[in-house]
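*Asks:* The structure follows.
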Amino acid sequence: MTGPPQVRSVDSSRSSRTTLDKAADENFPVAPFFVPRAWRADLMAVYGYARLVDDIGDGDLAPGGADARHLGVPPDRGDDRAALLDALEADLRRVFDPAAQAPGHPLLRALIPTVRRRSLTPEPFLGLIGANRQDQVVRRYETYDDLLAYCELSANPVGRLVLGITGTTSPERVRRSDAVCTALQIVEHLQDVAEDLGRDRVYLPAEDMKRFRVTEADLAAPTANASVRSLIAFEAERAGQLLAEGTALVGSVHGRLRLLLAGFVGGGRAALAAIAAAGHDVLPGPPRPAKARLLREVGAVLRSAHREG
């Protein structure tokens with residue numbers, strides 16, 4: 001049974017704010033002040049959706065069950081991630097169907113103007129749901145290619161949505177955006193090795209763990225041994241190579257969009273620098289870059305983009 005309108009309104013506002021507040025914890029600026037207001041609103045709408053999907057998949061929803069209520073999931077299934085993802089997909093499809101009733105979740109209702117204004121398609125949004133469904137059943141990745149296929153669902157749609165919002169989509173930009181987004185996903189996995197293992201997930205390819213003689217027991221230790229550090233350095237180098245492809249993406253656009261994309265690439269580079277500064281020991285906790293290092297990396301990306309552009 002639903003509560004009175006004013007209670008539902010407060011419930012919706014609180015749920016949305018809790019999700020959107022997580023933008024401050026990302027490695028890169030989600031919707032910085034310098035982008036046009038219309039872009040900022042659309043970027044935050046997309047971020048809110050993507051964060052909600054991940055929070056459902058990770059079991060990180062705010063306590064109280066507000067998100068489940070918005071999605072029409074009964075209280076006794078409020079912790080059922082598969083049921084929540086199914087309900088989210090049904091709510092998402094209402095966003096793209098003008099004849100359907102309004103979505104139940106406030107973050108999806110907020111998505112409607114963005115989808116209409118930018119003529120966005122459902123596929124990237126559905127990809128994010130698919131990635132989180134995969135997280136419920138696939139907890140280890142045998143090969144690097146397997147991990148890349150996962151990133152195609154979990155990360156690359158976000159970059160494609162940014163291009164769609166800014167009206168700059170092209171086949172070459174999509175290719176380079178995919179490389180950047182995959183790199184950022186890998187960097188996040190490297191930062192969160194210990195946290196992911198606590199959730200019984202390992203995003204380090206099994207073939208690479210065997211090559212470096214790393215076991216899951218090694219990943220559960222308080223600090224990384226030499227083999228773990230070598231493995232993290234190897235994966236970090238791969239991510240760095242992918243990020244390098246992003247410089248051409250940054251150089252292919254102009255104005256505030258160039259600065260925004262430089263923030264994404266620079267954020268990834270700064271995170272990799274923080275991992276290196278920790279001696280590639282990510283087990284005590286996620287190495288995070290200082291703001292000064294982030295700004296230096298963004299500046300370096302912009303200089304390189306200017307030379308290449």
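The values are calculated or read from the model by the stated rules, or taken from the named source; none is laboratory data. Everything numeric here is computed off the predicted structure, so don't read it as measured data. Counting neighbours? That spans all protein chains shown, and the Cβs are built from the backbone with ideal geometry, glycine included. The area values use the complete protein model at the heavy-atom level, side chains included, leaving out ligands, DNA and RNA. Shrake-Rupley method; radii C 1.70, N 1.55, O 1.52, S 1.80 Å.
*Asks:* For the stretch 142-153, take each phi angle, set θ = phi - 60°, evaluate the Karplus expression 6.51 cos²θ - 1.76 cosθ + 1.60, and give the result in whole Hz per residue in order, putting x for glycine and proline.
*Replies:* Karplus values, whole Hz, x for Gly and Pro: 6, 10, 4, 4, 4, 5, 4, 5, 5, 5, 4, 8.
*Asks:* Under 10 Å, Cα contacts only: if you run a Gaussian network model on the chain, which one of PRO205, PRO63, PRO113 comes out with the highest mean-square fluctuation?
*Replies:* PRO63
*Asks:* Please give the charge dipole size of the chain, origin at the Cα centre, charges +1 on K and R Cβ atoms and -1 on D and E Cβ atoms. Round to the nearest 20 debye. Walk me through the numbers before you get to the answer.
*Replies:* Values: 39 positive and 40 negative charges, 292 e Å.
Dipole about the Cα centre, nearest 20: 1400 debye.
*Asks:* So what's the back-of-envelope 222 nm ellipticity for the chain, counting only DSSP H runs of four-plus at -39500 (n - 2.57) apiece and dividing by all residues, rounded to 500?
*Replies:* Details: 17 runs with 211 residues, N = 309.
Rounded to the nearest 500, the figure is -21500 deg cm²/dmol.
*Asks:* How high is the relative contact order of the stretch 156-235? Use alpha-carbon pairs under 8 Å, at least six apart in sequence, and give a whole percent.
*Replies:* Values: 47 pairs, mean separation 17.8, N = 80.
This gives 22 percent for the stretch 156-235.
*Asks:* How large are Rg and Dmax for the chain when only the alpha carbon atoms are used, in Å?
*Replies:* Cα only, the chain: 19.7, 61 Å (Rg, Dmax).
*Asks:* Let me ask another. Ignoring ligands and nucleic acids, what accessible area does GLU216 show with a 1.4 Å probe (Å², nearest 10)?
*Replies:* 80
*Asks:* So, with +1 on the Cβ of K and R and -1 on the Cβ of D and E, and no other charges, what is the size of the charge dipole of the stretch 246-309 about its Cα centre, to the nearest 20 debye?
*Replies:* Details: 9 positive and 3 negative charges, 51 e Å.
It works out to roughly 240 debye.
*Asks:* In addition: Just going by the charge dipole of the stretch 117-203, with Lys and Arg at +1 and Asp and Glu at -1 on Cβ, which of THR166, LEU184, ALA155 is farthest out on the positive end?
*Replies:* Final value for the positive-end residue is THR166.
*Asks:* Can you work out ³J(HN,Hα) from phi for every residue in the stretch 215-220, in order, using Karplus 6.51 cos²θ - 1.76 cosθ + 1.60 and θ = phi - 60°, giving whole Hz and x for Gly and Pro?
*Replies:* Per residue, the Karplus-derived 3J(HN,Hα) values read 10, 5, 4, 4, 6, 8 Hz.
*Asks:* Further question on the same structure: State the percent of C-alpha pairs, over all pairs in the stretch 158-309, separated by a distance greater than 26 angstrom. Don't skip to the end; give the middle numbers.
*Replies:* Working: 3452 of 11476 pairs.
Within the stretch 158-309, distances greater than 26 Å cover 30 percent of Cα pairs.
*Asks:* Can you sort HIS105, HIS70, HIS254 by 1.4 Å-probe accessible area, starting with the largest? Each step should come with its number before you reach the end.
*Replies:* Working: HIS105 0, HIS70 25, HIS254 140 Å².
Ranking HIS105, HIS70, HIS254 by accessible area, largest first, yields HIS254, HIS70, HIS105.
*Asks:* Kindly write out, for the stretch 180-192 in residue order, the coupling ³J(HN,Hα) from the Karplus curve 6.51 cos²θ - 1.76 cosθ + 1.60 (θ = phi - 60°), rounded to whole Hz, with x marking Gly and Pro.
*Replies:* 5, 5, 4, 4, 5, 5, 5, 4, 4, 4, 5, 5, 10
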